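Following: one structure in structure tokens, then a few remarks.
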Amino acid sequence: MTDEQQLTAAGNEMSASFLAAKKRSDETLAKLEANPSSFTMLTGDRPTGRLHLGHYFGSIRERVAMQERGVNTNIIIADYQVITDRDTTEHIQDNVLNLVLDYMAAGIDPNKTMMFTHSAVPAENQLLLPFLSLVTEAELHRNPTVKSEMEASGHALTGLLLTYPVHQACDILFCKANVVPIGKDNLPHVEITRTIARRFNERYAKKNPVFPEPAAILSDAPEIPGLDGRKMSKSYGNSIMLGATAEETAKLIKKSPTDSERRITFDPIARPQVSALLTTAGLVTGRDPKEIAEEIGDAGAGALKQYVIKSVNEFLAPHRERRAELAKDMDSIRDILHDGNKRANAIAEETLDQVREAMGMKY
Ligand code: TRP
């Protein structure tokens, strides 16, 4: 095969596996709607900063909906994943506690959803040893997300970055989650999790499978662009933080770039910056961005920005109020995390015990 043919083949394979995953996601969601309490969800975030509107519309909203439907919901704050591609844990305490604040302000109820951190659950981490024996080095190197994260980091590939998808399998499998809501970039990690579950059961637990093969849940929510039309990312300074003040939000929106054409139109390809503002306003108001564009028309970018500022701040006001209220009592937030960690430890111990049993390692 020529390079080009190889690339096309790789592309086709990717999209075929994406399509298969999307189909599985849709089928699983249909089953989940019929019988929510037979599902266990696990998903999570790296505590690298504050949550923004992209997180809210892309995932947090869905987690709250699953929780309310009666799915057994779990959220991992992936603190060990922070050091896959950076060499500091500066601000980690603050980031972890602020994640809990944002989850709760968004509607996550600690009585229904277990929130916990990697580093507090040793038995979960211990699953990494048997799981690593179930994958080859070549499989680890083939993971496209690991490759792009390494390139973006500008650091050498660390052992942890190479193996973190297997660690993510530990996150998912220790609590026997069968649904994992994620973005496309995390799909390879759920795929390797399925492989690990299958191989473990085949190798050690043929009669009594220990692990489910979880389905990735791929959201249909449109990706919300950053204020400058690029991907919303903390490092671009183009994200609206859930916990920012109304003034900070106004300032950020005011200084976002637009173009020289006065009339406002919705055209994501030709006018990404104006369209990003319209998409944002559309999401927070539930309106069609085209309709907003027509309404603003010749009033120009200044008027558009005023509209975005007002609608975003109105949308986030209740979240911010709840957040500020919760933040008055950080001891309670710490207690909630401790409780989540305690529950996660009990579950992880039980699973690790089944793993030892299956492997004949109970002495
Ligand atoms: N890798 C995920 C991210 O970068 C975070 C994460 C860690 C996760 N463990 C997980 C997601 C388990 C789903 C399931 O956002």
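The values are calculated or read from the model by the stated rules, or taken from the named source; none is laboratory data. All values derive from a computational prediction rather than experimental measurement. A quick note on method: Cβ atoms are made from the backbone with ideal geometry, for glycine too, and the neighbour counts reach across all protein chains shown. When the accessible area is computed, the model is the full protein with side chains, heavy atoms only, and any ligands, DNA or RNA have been set aside. Shrake-Rupley method; radii C 1.70, N 1.55, O 1.52, S 1.80 Å.
Among the trypsin sites (Lys or Arg not before Pro) in region 133-182, those located in a DSSP loop and surrounded by at most 13 other Cβ atoms within 10 Å of their own Cβ are R142.
With Cα atoms as the point set, the chain shows a radius of gyration and Dmax of 21.9, 77 Å. Each Lys and Arg Cβ is given +1 and each Asp and Glu Cβ -1; about its Cα centre, the chain then shows a dipole of about 360 debye. For region 45-94, the set of GluC sites (Glu not before Pro) satisfying both a DSSP loop assignment and a count of at most 11 other C-beta atoms within 10 Å is given as E90.
At a 1.4 Å probe radius, carbon and sulfur cover how many percent of the accessible area of the chain? Whole-percent figure for carbon plus sulfur exposure: 52. Cross-link partners of K176 among lysines, defined as those whose alpha carbon lies under 20 angstrom from its own and excluding same-chain residues fewer than eight positions apart: K31, K112, K206, K207, K342.
The Kirkwood radius of region 258-320, taken over pairs of alpha-carbon atoms, gives through the Stokes-Einstein law at 10 °C and 1.306 mPa s a diffusion coefficient of 138 µm² s⁻¹. With 10 Å bins beginning at zero, the pair-distance distribution over Cα atoms of region 275-363 amounts to 14, 23, 14, 16, 16, 11, 5, 1 %. Computed over region 18-145, the percent of Cα pairs more than 20 Å apart is 57. The length gained on full extension between E90 and A16, counted as 0.36 nm times the residue separation minus their Cα-Cα distance, comes to 22.6 nm.
Which one, F116, A358, A301, projects farthest toward the positive side of the charge dipole computed for the chain from Cβ point charges (K/R +1, D/E -1)? The listed residue farthest towards the positive side: A358. Taking the chain as a Gaussian network of alpha-carbon nodes connected by springs under 10 Å, the highest mean-square fluctuation of the residues G154, G282, G237 belongs to G154.
Sites listed here are trypsin sites (Lys or Arg not before Pro) in region 11-112 whose DSSP assignment is loop and whose Cβ has at most 16 other Cβ atoms within 10 Å: R86, K112. Gyration tensor analysis over the Cα atoms of region 204-322 returns equivalent ellipsoid semi-axes of 36, 18, 13 Å (largest first, whole Å). Overall size of region 60-132 from C-alpha positions, given as principal axis extents largest first: 36, 31, 18 Å. For T265 and A138, the difference between the fully extended length at 0.36 nm per residue and the C-alpha to C-alpha distance is 40.9 nm. For the chain, the residue among I92, L337, S148 whose Cα projects farthest onto the positive side of the dipole built from Cβ charges is L337.
Within a Cβ distance under 14 Å of I182, other residues only, what is the Lys/Arg minus Asp/Glu net charge? Net of charged neighbours comes to -1. P(r) tail for region 43-100: Cα pairs beyond 16 Å make up 48% of the total. Rounded to whole Å, the principal axis extents of the Cα atoms in region 121-262 read 68, 31, 30, largest first.
DSSP beta bridges fully contained in the chain are about 10 percent antiparallel. Using the Cβ-Cβ distance between M361 and R230 with R0 set to 56 Å, the FRET efficiency works out to roughly 0.65.
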